[in-house]
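We did not get these values from a lab; they are worked out from the coordinates using the rules stated. A quick note: this is a predicted structure, and the numbers were derived from the prediction, not measured. All Cβ positions, glycine included, derive from the backbone under ideal geometry; neighbour counts span all protein chains shown.
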């Protein structure tokens with residue numbers, strides 16, 4: 001009886017897929033223009049079901065210096081919003097140029113982006129073309145694995161549109177329908193047999209989790225084998241209280257705009273907001289994420305409402321509370337195995353949002369794994385790429401998912417950012433990979449792999465302070481053709497100090513110095529006394545790049561350091577001849593500590 005029911009279920013899904021395919025082909029997709037008019041909404045809604053490809057064009061995406069060779073297309077396609085009204089959504093399909101070397105069709109990763117901002121110019125498809133997307137590292141990481149990558153802009157990024165930001169069902173529909181649309185794109189090689197994984201963080205984590213909850217009812221024919229979701233705002237009201245009056249207030253304000261756009265009758269913003277509030281909302285709707293963050297930092301909703309209404313009063317107006325509750329996750333069993341992750345120091349979304357959701361999902365799906373990361377929001381987003389893709393690779397290869405549902409603890413937050421306070425980013429004991437080139441010997445000295453750098457950055461005040469820890473180590477050097485093992489001690493003289501800043505384009509700038517004494521403790525295993533630099537060696541730390549590089553291990557400081565004379569032992573003259581000179585090149589690269597599955 002059970003086998004018969006299974007066959008009926010498969011048959012029903014096949015019939016549904018065939019009907020969907022026939023309906024989607026009702027209107028032939030057209031090649032779109034090369035200019036910005038590609039993003040113009042069509043004069044009339046095209047025929048066809050959700051997922052129908054409407055238009056396409058070849059494009060180029062810039063994901064950084066090491067972008068994987070690829071072909072790419074911009075697309076527009078039909079979808080439905082959170083209340084099942086038809087819409088047109090834009091996005092980008094990217095396929096690696098190299099042939100897929102695995103078994104079966106090339107797998108597909110749907111990358112659900114996080115908050116980009118409400119302005120049309122902030123759409124991922126436009127930012128990838130310009131080389132300014134802060135999530136480029138994650139997208140490129142998936143391409144480097146050989147996967148096709150689909151990036152939906154979500155609803156509202158056509159010219160003149162307004163995003164339905166944080167309306168969960170709308171976002172889920174957009175990513176699921178993009179898979180359907182990509183299957184119709186000639187040259188992409190994406191078929192109904194392609195295995196699909198959905199992955200996202202923050203708003204993208206919310207999107208991935210929503211897709212996991214609605215896929216069975218909305219797009220049952222899709223061959224989705226796993227969902228990865230991190231930094232999830234799973235409880236909207238709890239998230240609203242956490243963000244109100246905090247550095248991340250722009251996320252809450254953007255959510256007000258997005259839900260107002262999706263549910264205009266339930267969220268009577270025009271009746272609640274003051275004139276200054278409406279003006280602020282209009283300005284926000286033209287900004288990208290980092291500009292909005294800096295503009296609205298630590299602002300409270302009460303500053304923009306009539307009678308200075310706060311969240312308590314706003315939740316009592318009309319359908320506000322119910323609309324927010326409708327965005328909550330955890331009401332439906334995920335359609336496939338899930339990988340969840342969150343940063344313990346997340347300053348924007350409290351860690352309990354994801355851990356509580358994990359425990360809820362585990363009640364009905366034991367194939368749920370949760371990893372705890374030690375870092376902040378943006379660091380966890382990029383650091384999570386490797387583990388998320390490794391987990392997804394197992395799903396593509398048919399490996400059964402193993403969960404850790406038995407771990408039910410909700411870890412305490414370690415965020416140093418307080419409500420209404422400065423934005424503090426704490427890089428605690430980050431792995432330091434360091435290489436110093438000795439010009440006199442034309443040889444490299446590699447610091448031990450247990451070296452660490454700890455830095456506390458106050459982004460609001462553009463300051464940083466920290467410390468470097470380098471265990472004593474031995475290095476082999478060649479002296480007049482004779483190999484010698486030299487014992488070296490690197491002792492910080494003072495704290496690492498400097499400035500850090502984040503601009504409206506998401507560019508992180510770090511300028512600082514690390515001062516150390518360098519002591520040669522032994523040569524050929526023989527101690528010769530305190531052979532120490534007479535003045536500290538100063539390593540200038542300078543970096544400018546995307547804030548998205550932080551957790552990807554791409555924060556590298558390069559420069560030169562002058563090595564002074566070494567004195568204090570009877571062979572100091574020989575040691576100075578080996579090491580003391582100006583302009584020794586160095587490279588310091590930092591990477592965050594690993595996540596853990598038990599906590």
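At residue 86 and residue 562, where each label point lies 7 Å from the Cα along Cα→Cβ, what is the point-to-point distance in nanometres?
Distance between label points: 7.3 nm.
Once you place label points 7 Å from the Cα toward the Cβ at residue 509 and residue 144, how far apart are they in nm?
The two pseudo-label positions are separated by 2.8 nm.
Could you put 54, 410 in order, starting from the residue whose Cβ has the fewest other Cβ atoms within 10 Å? Can you show the working numbers first?
On the way: 54 22, 410 14.
Final ranking by Cβ density, sparse to dense: 410, 54.
Answer rounded, prolate or oblate for the stretch 543-599, using the Cα gyration tensor with square roots of eigenvalues a ≥ b ≥ c: rounded when a/c is under 1.5, else prolate when a/b is larger than b/c, else oblate.
Because a/c hits 1.5 or more and a/b fails to exceed b/c, the stretch 543-599 counts as oblate.
Can you classify the stretch 424-591 as rounded, prolate or oblate using the Cα gyration tensor, where a ≥ b ≥ c are the square roots of its eigenvalues, rounded means a/c under 1.5, and otherwise it's prolate if a/b beats b/c and oblate if not? Walk me through the numbers on the way to the answer.
Numbers: a/c = 2.35, a/b = 2.19, b/c = 1.07.
Because a/c hits 1.5 or more and a/b exceeds b/c, the stretch 424-591 counts as prolate.
Take the Cα atoms of the stretch 168-215, build their convex hull, and give its volume per residue in Å³.
Dividing the Cα hull volume of the stretch 168-215 by its residue count gives 71 Å³.
Once every DSSP H run of n ≥ 4 in the chain is given -39500 (n - 2.57) and the sum is divided by its residues, what mean residue ellipticity at 222 nm do you get, rounded to the nearest 500 deg cm²/dmol? Can you show the working numbers first?
Working: 16 runs with 162 residues, N = 599.
Computed mean residue ellipticity for the chain: -8000 deg cm²/dmol.
Assuming 0.36 nm per residue, please report the length gained on full extension of the stretch residue 530 to residue 418 beyond their Cα-Cα distance.
In short, 35.7 nm is gained.
How many nm separate the modelled label positions at residue 303 and residue 596, each set 7 Å beyond the Cα in the direction of the Cβ?
Calculated label separation equals 3.9 nm.
Could you give the length gained on full extension between residue 491 and residue 517, defined as 0.36 nm per residue of separation minus the Cα-Cα distance, in nm?
Contour length minus the Cα-Cα distance gives 8.9 nm.
Using only Cα atoms, find the angle between the long axis of helix 168-182 and the longest principal axis of the chain, and express it within 0 to 90 degrees, rounded to the nearest 10.
90
Output the peptides 429-442, 66-79, 386-399 sorted from most to least packed, where packing is the average of other Cβ atoms within 10 Å over each peptide's residues.
Highest-to-lowest ranking by the protection proxy: 66-79, 386-399, 429-442.
Using 0.36 nm times the number of residues separating residue 35 and residue 449, minus their current alpha carbon distance, what extension gain do you get?
144.1 nm
Can you tell me the equivalent ellipsoid semi-axes for the stretch 236-324? Use √(5λ) from the Cα gyration tensor, largest first, whole Å. Let's see the in-between values first.
Details: eigenvalues 67, 38, 33 Å².
Over the Cα atoms of the stretch 236-324, the semi-axes work out to 18, 14, 13 Å.
Distance from a point 7 Å along Cα→Cβ of residue 159 to each backbone N in the stretch 36-57: keep the residues under 18 Å and list them by number.
Taking a point 7 Å out along Cα→Cβ of residue 159, the residues of the stretch 36-57 whose backbone N falls under 18 Å are 36-46, 54-57.
With the cut-off at 1.5 for a/c, could you classify the chain from its C-alpha gyration tensor as rounded, prolate or oblate?
Taking the square roots of the gyration eigenvalues as a ≥ b ≥ c, the chain is prolate.
Against the longest alpha carbon principal axis of the chain, how many degrees, from 0 to 90 and to the nearest 10, is the axis of helix 352-362 turned?
60
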